[in-house]
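To start, the structure itself, in structure tokens.
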Amino acid sequence: MSMPKEEGLDHSLAFLKEGYEFILHRRKSFQSNVFETTLLGKKAICLGGKEGAELFYDTDKFIRAGAAPNRLVKTLFGEGGVQTLDGEQHRKRKAMFMSIMTKTQLQQLDQLLETEWEKASEQWEKNDQITLYKESQKILMKAACDWAGVPLDDEEKRTDQMRCLFESPASLGLAHWKGRTSRSDAEDWIAELVEQVRNGDLHATKEGALRVFSEHRDSDGKLLPQRIVAVEVLNILRPIVAISIYIAFAALALHQFPQESERLKKGDGSIRRFVQEVRRFYPFFPATVAKVKQDFEWKGYQFKEGTMTLLDLYGNNHDPNLWEQPDLFRPDRFLDWKESPFDFIPQGGGVFDMGHRCAGEWVTIQVMEVSIDFLVNRLQYTVPKQDYSYSYSSMPSMPKSQIILADVRKQN
Ligand code: HEM
């Protein structure tokens, strides 16, 4: 049986134009959770729905090596990182990441973050207004470096580099090239620290990512090359700073849905549901990508070895077959969510250890909870008129004003 197929030479431009909604639009028009298109001049299969996600995370059927487009590897991922590994090599490397995600470690990150929010808010009292997206990046970068045991030499420069890594993958021209330069500079910076840890010149905290990753032995029993450790340490720092995108969207939700903000003030236990709904509702990553490992057949459709395959992350979070009225912001939908690893997938699906589900999902949830609680219960501020709109085609998306807060004061 032949798969539903989008006719035409190449649909990369449509992907850039329709952005987050590209796959879901076509899933709806084909009435199918699987279809074929052409992207970057190559045949691509798009998968969606619970069944599509479950198939995508079957490691006997899909691999990651060589799957991600070069512009993503050269900016967001870095070369040789966990995202590009498969099988035993991936399992061992992923275990290294998950080993630092203990309850105690996460509590430590909470405390570091609280301290940074406190310090920053004292500064903000001196200003008429602040831009939350940018300010939260500074907070997150300081807390992330402390947590990872990374001495932060030049706060502004390094925070800017992290931002470029996640803002540049889909951008064009200069902005994209700035992302590539930021990657090589940031890797140089961390690689040098790895050398210092290894020769005893830097006593990085025992449980922090810098030390744990510098001492980690890969599946061949050898220490990882310095450059790879740098890539993996950046796989901690960069995404923690990227949580600033969710913080900006959360602040937007607090403003646009004041009834939800009131509930959070009462502390009625709804913060987790609010965080989950922010992660479901707002756009972050449109899709993730793999390659068919070897020929197989699914539902009568042929999957040929090497075919690029995309999983519709944004689309699954907005799929009307999976969510009632998906385009409404309604945190209480999580009261009776059945916790499937394949429907709610803003940070990937499946399992953490064997699959590529985001290693930092718990970190993200916690950082968001601490930050939102601080905004709601520890600060008072006004929200001046600004452009709250966000685009479905710029990736990553972001409220245009980056969320301006005025007259920020600590609550008494
Ligand atoms: C992987 C999203 C935060 C570390 C991923 C994937 C997505 C994602 C979509 C790929 C899933 C796949 O390909 O199947 C996000 C979003 C975040 C976030 C939206 C919010 C800012 C974090 C944080 C950390 C982190 C805070 C670390 C502290 C990782 C790592 C991987 C990953 C190491 C690769 C996992 C693997 O390949 O096995 N993330 N992430 N992420 N994420 Fe996150």
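The values are calculated or read from the model by the stated rules, or taken from the named source; none is laboratory data. Just so it is clear, the structure is predicted and the values come from calculations on it, not from any experiment. We place every Cβ from the backbone using ideal geometry, glycine too, and count neighbours over all the protein chains shown. Note: accessible area is taken over every heavy atom of the protein model, side chains too, but ligands, DNA and RNA are not part of it. Shrake-Rupley method; radii C 1.70, N 1.55, O 1.52, S 1.80 Å.
Points to keep in mind about this one:
- Within the chain, DSSP assigns beta bridges of which about 80% are antiparallel (rounded to the nearest 5).
- Rg/Rh for the chain stands at 0.96; both radii use Cα atoms, and Rh follows the Kirkwood definition.
- Choice from GLY355, GLY315, GLY300 with maximal GNM fluctuation in the chain (Cα, 10 Å cutoff): GLY300
- Between LEU379 and GLN411, the built amide H atoms are under 5 Å apart, and every one of these is 5 or more places off in sequence or on another chain.
- Take every Cα pair under 8 Å whose residues are at least 6 apart in sequence, average their separation, divide by the length of the stretch 12-410, and the relative contact order is 26 percent.
- Fluctuation leader among SER371, SER12, SER244 - the chain, Gaussian network, Cα springs under 10 angstrom: SER12
- Accessible area in square angstrom per residue, the stretch 12-410, 1.4 angstrom probe: 43
- Computed lengthening from MET101 to LEU13, 0.36 nm per intervening residue step minus Cα-Cα distance: 27.8 nm
- For the chain, the longest site-free run once trypsin sites (Lys or Arg not before Pro) in DSSP loop states with at most 12 other Cβ atoms within 10 Å are removed: 1-125
- Full extension of the chain segment joining PHE296 with GLN256 gains 9.7 nm, where the gain is 0.36 nm per residue of separation less the Cα-Cα distance.
- When only the Cβ of Lys, Arg, Asp and Glu is charged (+1, +1, -1, -1), the dipole of the chain relative to its Cα centre reaches about 360 debye.
- Here the accessible area of the chain is 50 percent carbon and sulfur, with a 1.4 angstrom probe and all protein chains present.
- Within a Gaussian network of the chain (alpha carbon springs, distance under 10 Å), most fluctuating of VAL233, VAL351, VAL241: VAL351
- Under 24 Å between alpha carbons - lysine pairs in the stretch 95-211 that sit 8 or more apart or on different chains: 19
- Net charge dipole size for the stretch 318-369 [Lys, Arg +1 and Asp, Glu -1 on Cβ; Debye, nearest 20]: 80
- For the stretch 70-211: rounded, prolate or oblate by the Cα gyration tensor [a/c cutoff 1.5]: oblate
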